[in-house]
Amino acid sequence: MSERVVPEPQRRRRRPTKQGVVLSRELIVDTALRLVGQHGAQALTVRRLGTALGADPSAVYRYFHSTDDLLLAIAEELIARAQDGWQATGDWRADLREIGLRIYAGYRAHPQAALLAAHRTTGRTHEIAAVEAILGILRTAGFPDPEAVRIYHAFVDQSLGFAVLDAASLALPAAAQSADQRVWHASYARLDAGAHPHIAATGHLLAAEMGRSGYRFALDLLLDAAEARLAAAR
């Protein structure tokens, strides 16, 4: 793409596309999310997007400076969806936990897009609102500013890290997902106790545990640690 994006007030094209819809930033982002979800990262091209929209690919230039600009808009949309409907309760731990679960669920719902966008920093409206909300929760709870920033960093990276890790697993073909899970039952659960006593003792637990995400437990561990640090500082 080139730097030919047209400011919102100057967009005059209101004729429907071949599919009977009028283009907008929102429609393009939604269509891009659908394409990436169905066909993977390689689907995020102007040509394929134009085909899906029923429009000339050059029409996308009126809304986005570049493919990277569109990618940042996708990241911003995922952040927006994670925040939609969230309300603070005043309980800092419960509020952070809810935000973390929303971030994780939002990216996990779009595994292919998560792989493309979770590591990006948009600096846009919804991301700024999320950063403000999380820091506000921590500072209001009484965490000193340096501690609030460090906990914010760990909290967000943990949520996104688990989301991407689990998204990568979900993005695998079903056969590969099943094969990975069978390893815990077929290999680890059957290791010789003499050579691997600790794995042998816990093999049945590993097989059950590794089939699900560790995010909720990890989130609670982080919140436990934050709560303990807050108590110690008072």
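Please work out if LEU135 is open to solvent by less than 60 Å² (accessible area, probe 1.4 Å) and not polar (S, T, N, Q). Answer is yes for this residue. If you filter segment 172-190 down to residues that are open to solvent by 80 Å² or more (accessible area, probe 1.4 Å) and in a helix (DSSP H, G or I), you find that the one that is nearest to VAL36 (Cα to Cα) is ASP180.
Quick one: would you say GLY142 is open to solvent by less than 40 Å² (accessible area, probe 1.4 Å) and out of contact with any Asp or Glu (no Cβ under 7 Å at 6 or more places or on another chain)? Taking the combined requirement at face value, the residue does not satisfy it. A single member of ALA82, ALA130, ALA88 is in contact with a Gly (Cβ under 6 Å, 6 or more places away or on another chain), touching a residue at least 24 places away in the same chain (Cβ under 8 Å) and among the hydrophobic types (A, V, I, L, M, F, W, C), and it is ALA82.
The values are calculated or read from the model by the stated rules, or taken from the named source; none is laboratory data. Just so you know, these numbers come straight off a predicted model, no measurement behind them. Using ideal geometry, Cβ is built from the backbone for each residue, glycine included, and neighbour counts are taken over all protein chains shown. Accessible surface is based on the protein model in full, side chains and every heavy atom, while ligands, DNA and RNA are left aside. Shrake-Rupley method; radii C 1.70, N 1.55, O 1.52, S 1.80 Å.
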